[in-house]
Amino acid sequence: MRHLHAENLVASLDALCPNPVHPGPKLLHNLTMLIPSEGLTQLLDKVMPFHSEIVKSVNTLIKLAASRNKCTLEEADDEGGDDREEDRPKKKGRFS
C-alpha cells in the first residue's frame, strides 16, 4: 500500500470539484497556504455524515496492508531471504 500524498488527493478531487483550492497568503520557506474553494467545502459537507464509516474503512485497509507486509517479510525469512549475520562473509579487520 502506498501513502497518498496531499497533492494526489487534491488532484483526484479536481475531477469531482474543479479548482478545489486557491493560493492564499505566502508563508515562510517559499510555501503558500492553500484556501479551499466553496465547491470543495460543499463536497466535504456532503461527505461529513459518513466520516466515522470512512475512518473505520481506512483503518481496516491500513491493518490489512500491514498484515500483508508482515506476511511478505515472514515468507522472505522462511525462504532464507534475510541477510543473517552468520551467513555474511567475515570482513577482515585491521588487526586480523
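The values are calculated or read from the model by the stated rules, or taken from the named source; none is laboratory data. Quick caveat: nothing in here was measured; it's all calculated off a predicted structure. Quick reminder, even Gly has a Cβ in these numbers, built from the backbone with ideal geometry, and neighbours come from all protein chains shown.
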Next item on the list: Find all pairs meeting these conditions: Cβ atoms under 6 angstrom apart; at least six residues apart or on different chains; first residue within the stretch 16-28 and without any contact (Cβ under 8 Å) to a residue 12 or more places away in the chain; second residue part of a strand (DSSP E or B).
Entry: 24/33; 24/35; 25/33; 26/32; 27/33
Item checked: Boolean, residue 22 is surrounded by 10 or more Cβ atoms within 10 Å (Cβ to Cβ) and modelled with pLDDT of 85 or more -> yes
